[in-house]
1. Which of the GluC sites (Glu not before Pro) across the stretch 12-73 are loop residues per DSSP, with 15 or fewer other Cβ within 10 Å?
2. Per-residue ellipticity at 222 nm for the chain, helices alone: DSSP H runs ≥ 4 residues times -39500 (n - 2.57), over residue total, nearest 500 deg cm²/dmol?
3. What FRET efficiency, computed as 1/(1 + (r/R0)^6) with R0 = 25 Å and r the Cβ-Cβ distance, is obtained for Val188 and Val165, rounded to the nearest 0.05?
4. Under 23 Å Cα to Cα from Lys184, which lysines show up? Leave out anything in the same chain fewer than 8 places away.
5. Tally the DSSP beta bridges in the chain and give the antiparallel ones as a percent, rounded to 5.
6. DSSP loop (so not H, G, I, E, B), at most 13 other Cβ within 10 Å: list which trypsin sites (Lys or Arg not before Pro) in the stretch 58-141 pass both filters.
7. I need to check one value: relative contact order of the stretch 54-197, counting alpha carbon pairs closer than 8 Å and at least 6 residues apart, in percent.
8. If each residue of separation counts as 0.36 nm, what is the full-extension length gain between Lys196 and Thr181 once their alpha-carbon separation is subtracted?
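Since every read-out is calculated from the coordinates, none of them should be taken as a lab result. As the structure is a computational prediction, the values presented were derived from the model and not from experiment. A quick note on method: Cβ atoms are made from the backbone with ideal geometry, for glycine too, and the neighbour counts reach across all protein chains shown.
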Amino acid sequence: MEQGMMLVISGPSGVGKGTLAKRLMEEKGFAFSVSCTTRAPRPMEVEGKDYYFITEEEFARKEKAGEFLETALVHKHHYGTPLAPAREAIVAGRDLLLDIDPQGGMLVMQKVPEAVTVFLLPPSWEELEERLRRRGTESEEQIQRRLHNAKREVDYLPHYRYVLVNDELDSAYETLAAIVTAEKHNTVRYRPEFLKR
Ligand code: ADP
Ligand code: 5GP
């Protein structure tokens, strides 16, 4: 059986990672890697679906026990990708999507070189600010912190395999789907039994 694809999507908060991720799950059968975080849930977020919302103590315990593929401190909160479910999905041949920040993205590149990495950019900083405001899930202070961080996060862009500007949603999704289709044919994931000697 072929291994699943690990797809990492990074980019500034509000750029549209979650929106595109949802569509890849609906239309391309991707599983979503549910992260652990110490931040508070937003009103519409569901425990175990969007995140596992855990305490600082629980996060530290899991990190020490080696339960994360990667962790990062983002906007003053801890985030981590649980290792066991990620490994299980890939080995079972399921494609897995990680919506993680660029620090985490860099760690995944080291540990999983065959991971497909996509950096998502907004059409402009003004549009990014607009989207964050329209989403309406952060306070003004949090929005400003996220915008400030966004400009530093873009420094990591050259380390990613693909870059994609999320201008018009449908066309950005089409491009992302094309990347996925091409990467399905990447030789790193092609290990049919009859070729094994
Ligand atoms: P992220 O997960 O990167 O923080 P979201 O997916 O939550 O971002 O998107 C932030 C906001 O921008 C949401 O309200 C979403 O509906 C909107 N959005 C996403 N993509 C686009 C797009 N291409 N054009 C306009 N608005 C968008
Ligand atoms: P948010 O709080 O808006 O859901 O996410 C903030 C940032 O944390 C986003 O850039 C998101 O991609 C990132 N993030 C979410 N989960 C993880 C994770 O498990 N690891 C890392 N490194 N970043 C994460």
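1. Here the sparse-neighbourhood loop sites are Glu45.
2. It comes out at -12500 deg cm²/dmol, rounded to the nearest 500.
3. Efficiency computed from Cβ-Cβ geometry: 0.40.
4. Lys184 reaches Lys17, Lys22, Lys28, Lys111, Lys196.
5. 30
6. Within the stretch 58-141, the qualifying trypsin sites (Lys or Arg not before Pro) (loop, at most 13 other Cβ atoms within 10 Å) are Lys76.
7. For the stretch 54-197, the relative contact order is 19 percent.
8. Once the chain is fully extended between Lys196 and Thr181, it gains 3.0 nm.
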